[in-house]
1. Please verify whether residue 136 is at pLDDT below 90 and assigned by TED's automatic domain parsing to the domain that holds residue 158, treating the condition exactly as stated.
2. Considering only the stretch 59-74, I want to know if a residue exists there that is touching a strand residue (DSSP E or B) at 6+ places or on another chain (Cβ under 9 Å), touching a residue at least 40 places away in the same chain (Cβ under 8 Å) and farther than 28 Å from residue 167 by Cβ.
3. For the stretch 184-206, name all the residues that are touching a Leu at 6+ places or on another chain (Cβ under 9 Å) and either outside the structural domain of residue 235 (by TED's automatic domain parsing) or not in a loop (DSSP other than H, G, I, E, B) (or both).
4. Is there a residue in the stretch 415-431 that is touching a residue at least 24 places away in the same chain (Cβ under 8 Å), aromatic (Phe, Trp, Tyr) and within 21 Å of residue 124 (Cα to Cα)?
5. For the stretch 33-62, how many residues meet the condition of being more than 27 Å from the chain's Cα centre (by Cα), of a type in the set (A, V, I, L, M, F, W, C) and surrounded by fewer than 22 Cβ atoms within 10 Å (Cβ to Cβ)?
6. State yes or no: is residue 231 closer than 26 Å to residue 393 by Cβ, surrounded by 22 or more Cβ atoms within 10 Å (Cβ to Cβ), among the small types (Gly, Ala, Ser) and more than 16 Å from the chain's Cα centre (by Cα)?
7. Checking the condition assigned to a loop (DSSP other than H, G, I, E, B), within 28 Å of residue 356 (Cα to Cα) and at pLDDT below 95, which residue from 181, 169 passes?
8. For the stretch 348-364, how many residues meet the condition of being under 19 Å from the mean Cα position of the chain (by Cα) and either of a type in the set (S, T, N, Q) or not in a loop (DSSP other than H, G, I, E, B) (or both)?
Amino acid sequence: MALAIAIAILGAAGVVPAERIAEPFFLGELGLDGRLRPVRGVLPSVLGAACDGDATVVIPSANAAEAALVPGVRVVPVADLRQLVEWLRRGDAPPEPLAPDLDAPAPPATHPAVDLSDVVGQPVARRALEICAAGGHNLWMLGPPGTGKTLLAERLPTLLPDLELDHALEVTAIQSVAGALPPNSPMVSRPPFVSPHHTASTAAIIGGGSTVVRPGAVSLAHRGVLFMDEAPEFPRHVLDSLRQPLESGRVTVSRSAGSVTFPARFMLVLAANPCPCAQPQDHTDTCQCTPTLRRRYLGRLSGPLIDRIDMKVTVARSSRRELMADRQFVESSKVVAERVLEARKRAADRLSGTLWRTNAEIPSSALHADYRLSGEAMKPVTACLDSGALSARGLDRVVRVAWTIADLAGKDTPGQDETGTALALWLGVNT
């Protein structure tokens, strides 16, 4: 706004031709020394300007690469007000920035590489992680410290494919609004991984701000993974605030000045110890927690939230044999990611012509109308439905996971085996 106001004043004073400032869209912060400072939210702002018919945008030089991501828009990068005035007077525009190569591979990670082969044992948890990545599902891991829950969650992004172009633009726009866009990487091409601390407030998770509303962790994890370690340590109202975005894939933050809606389609991964002392329960001399205390501790995860989790896995301690085994035969992230990619392609082909790309996105109405399972395939869930152990929402999640398991197996439709496995994962019965 500061740059636009300054240009309007210069136009009214006759310093620059009024007709030259009518068309461009001006965006930037103006310093006291006349320099243009970079601003947040350039990508969504330029996208909005393009939708409004603005063909030329004037932005600070530091934001040029980000603005160049929008096709069909002429980007004029300027360093200071003097350079901008000269362009408006004489038309000597600085060279347009080169648009980033959207087909180029993602830049190498700046942190030490992690790999699924780092995980010792845990075949059920590894399988659940693969299903989670293939279908975009939510996962809850329960187990004592040192069993690899955090290790597993941190390796989930290594199983995910690169973001498609439209999803990459969504994620980049959110990161730009939050001011979290890396300066040397204008396009985010990898699914984000967000892991807030258990002391985070509701505003930090959902989004907020007193004057300017900023996206929270659920939006920063859009098209990626939101990992909440030590989940019962989060305040219950913070955990329950996840319920709405888990259902709708978006979150609306309301303030007195208005409301803002951010996308929030993420995979939720929860990790929890079975009791507050976090001591091994198989050693009675170390864990002194009573059954009532354990129930109260895990009771911080409300029933409606747990009902939205697709898979629950108990992560036990690895055996001595597993710890001493030769790890060169353990599947790497690359091997599993190839299966995930093939499963996602099968799902995308089946969902072509719809708004959905993964099984987790299919709404209940379409799930039972267009992707209904046969009566034979549904036999494993009938007893749970009759007893009330499986809710209507839980049934939907079992069916979605069954489709993902079938995709991983290369099957055209789920059968009893896939439905039974999905039900066991939803109930938290390790298979």
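1. Spelling it out, it is not the case that residue 136 is at pLDDT below 90 and assigned by TED's automatic domain parsing to the domain that holds residue 158.
2. So far as the stretch 59-74 goes, no, none of its residues is touching a strand residue (DSSP E or B) at 6+ places or on another chain (Cβ under 9 Å), touching a residue at least 40 places away in the same chain (Cβ under 8 Å) and farther than 28 Å from residue 167 by Cβ.
3. Taking the stretch 184-206 as the starting set, the residues that turn out to be touching a Leu at 6+ places or on another chain (Cβ under 9 Å) are 186-196, 205-206.
Residues satisfying the conditions are 193, 194, 205, 206.
4. Start the filter on the stretch 415-431 by keeping residues that are touching a residue at least 24 places away in the same chain (Cβ under 8 Å), which leaves 415-416, 418-420, 422-423, 425-428, 430-431.
Filter once more, so that each one left must be aromatic (Phe, Trp, Tyr): 426.
Restricting the remaining residues to those that are within 21 Å of residue 124 (Cα to Cα) gives 426.
Yes.
5. Step one: filter the stretch 33-62 for residues more than 27 Å from the chain's Cα centre (by Cα), giving 33-37, 52-61.
So of that shortlist, the ones also of a type in the set (A, V, I, L, M, F, W, C) come out as 36, 55, 57-59.
Filter once more, so that each one left must be surrounded by fewer than 22 Cβ atoms within 10 Å (Cβ to Cβ): 55.
The number of residues fulfilling the criteria is 1.
6. Details: closer than 26 Å to residue 393 by Cβ: yes; surrounded by 22 or more Cβ atoms within 10 Å (Cβ to Cβ): yes; among the small types (Gly, Ala, Ser): yes; more than 16 Å from the chain's Cα centre (by Cα): yes.
Yes.
7. Numbers: 169 fails: assigned to a loop (DSSP other than H, G, I, E, B).
Sole residue among the options that is assigned to a loop (DSSP other than H, G, I, E, B), within 28 Å of residue 356 (Cα to Cα) and at pLDDT below 95: 181.
8. In the first step, residues of the stretch 348-364 are kept if they are under 19 Å from the mean Cα position of the chain (by Cα); the result is 348, 355-363.
Narrowing further to those that are either of a type in the set (S, T, N, Q) or not in a loop (DSSP other than H, G, I, E, B) (or both): 348, 358-361.
Adding up the residues that qualify gives 5.
The values are calculated or read from the model by the stated rules, or taken from the named source; none is laboratory data. Since we're looking at a predicted model, the values are computed, not measured. So basically every Cβ, Gly included, is an ideal-geometry build from the backbone, and we count neighbours across all protein chains shown.
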